[in-house]
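The next block holds one structure in the form of structure tokens; read it before the comments.
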Amino acid sequence: MRTDWPGAAEVAVSLTFDVDAESGWLGSDPAYAGRLSTLSEGRFGVTRGLPRILAILSKHSIKGTFYVPGDTAERHTDAIKAVQAAGHEIGHHGYLHKQSDAIDAREQRDEIERGLEALAGRLGVTPKGYRSPSWELTPETFALLKEHRFGYDSSLMGDDRPYVVDGLLELPVHWSLDDWPHLHWKPGRGDAFTAPEAFLATWLAEFDAAREDGRHVTYTMHPEVIGRGHRAKLLDRMIAAMTERAKVWFASHEDVAAFVSG
Ligand SMILES: [Zn+2]
């Protein structure tokens, strides 16, 4: 896999954002329709988190990738159009964010096809990339990605470099490089927030490792998580620290996919 990044960069970084909003909850259990506090946290990601993220990316002249469930595109069309207008990539993230392993083959097809219809209908987008909700990818959904000619997937963890699985490019992810396990909290789940400085140190340590390897690394964030005031400041600091430490190619998944496949 290539490591000769554009602009003689020593490392390639993709900042990706999963705009789950309400669908992240509604897709896991319809009972969430009556849980207004939980749903409001998802909505916060769109109303408050997204504008902060867009401002930070604009300040650093970075194009990101936003994985958008069809339900989010329909419910928050104007907010997602603002992401699109700023030149960021829109990827597929299911329709109602249903975990592929929890639904049958018919529903998996609905998730892919209704998601495509929503992105096309509301945004005029045919997404090149797919990221499975909660990173559960089944053989049935994988086959649908090939049927619908997606250019890449970003759900698997079999390498920490771009790799090819059965003819489809994979831009791999990992839970440690996802803001959710560090910074999301839910009553009764028994977990705790990671201290902001420890979170930043972990992500920068992986950046240093990626720079040593000369590889590409994907960070995954959620607007309702990273878009809180103090955490948005962390994202801003993280980007500044990366830029200070190395020559970085910040690129959307679409651009990385085109480069490594070219
Ligand atoms: Zn998600």
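Tabulated values for the structure
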item	result
At 0.890 mPa s and 25 °C, Stokes diffusion of the stretch 166-262 via Kirkwood alpha-carbon radius, µm² per second	165
Reachable lysines, given that their alpha-carbon falls under 23 Å from the alpha-carbon of K128 and they are not under 8 places away in the same chain	K63, K81, K98, K146
For V11, residues with placed amide H under 5 Å, excluding near neighbours	W249
For the chain, convex hull of alpha carbons as volume per residue, Å³	122
The chain: calculated mean residue ellipticity at 222 nm from DSSP helix runs of at least 4, using -39500 (n - 2.57)	-13500 deg cm²/dmol
Karplus-derived HN-Hα couplings along the stretch 142-156 (A = 6.51, B = -1.76, C = 1.60, θ = phi - 60°), whole Hz, x at Gly and Pro	4, 5, 5, 5, 6, 4, 8, 6, 5, x, 7, 10, 9, 9, 9
Peptide ranges 45-55, 157-167, 229-239, 207-217 listed from the most packed, as the mean C-beta count within 10 angstrom indicates	45-55, 207-217, 229-239, 157-167
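Values in this text are rule-based calculations from the coordinates and carry no lab data. Only a predicted model underlies this, so the values are computations on that prediction, with no experimental measurement involved. Reconstructed Cβ throughout: ideal geometry from the backbone, glycine too, with neighbour counts over all protein chains shown.
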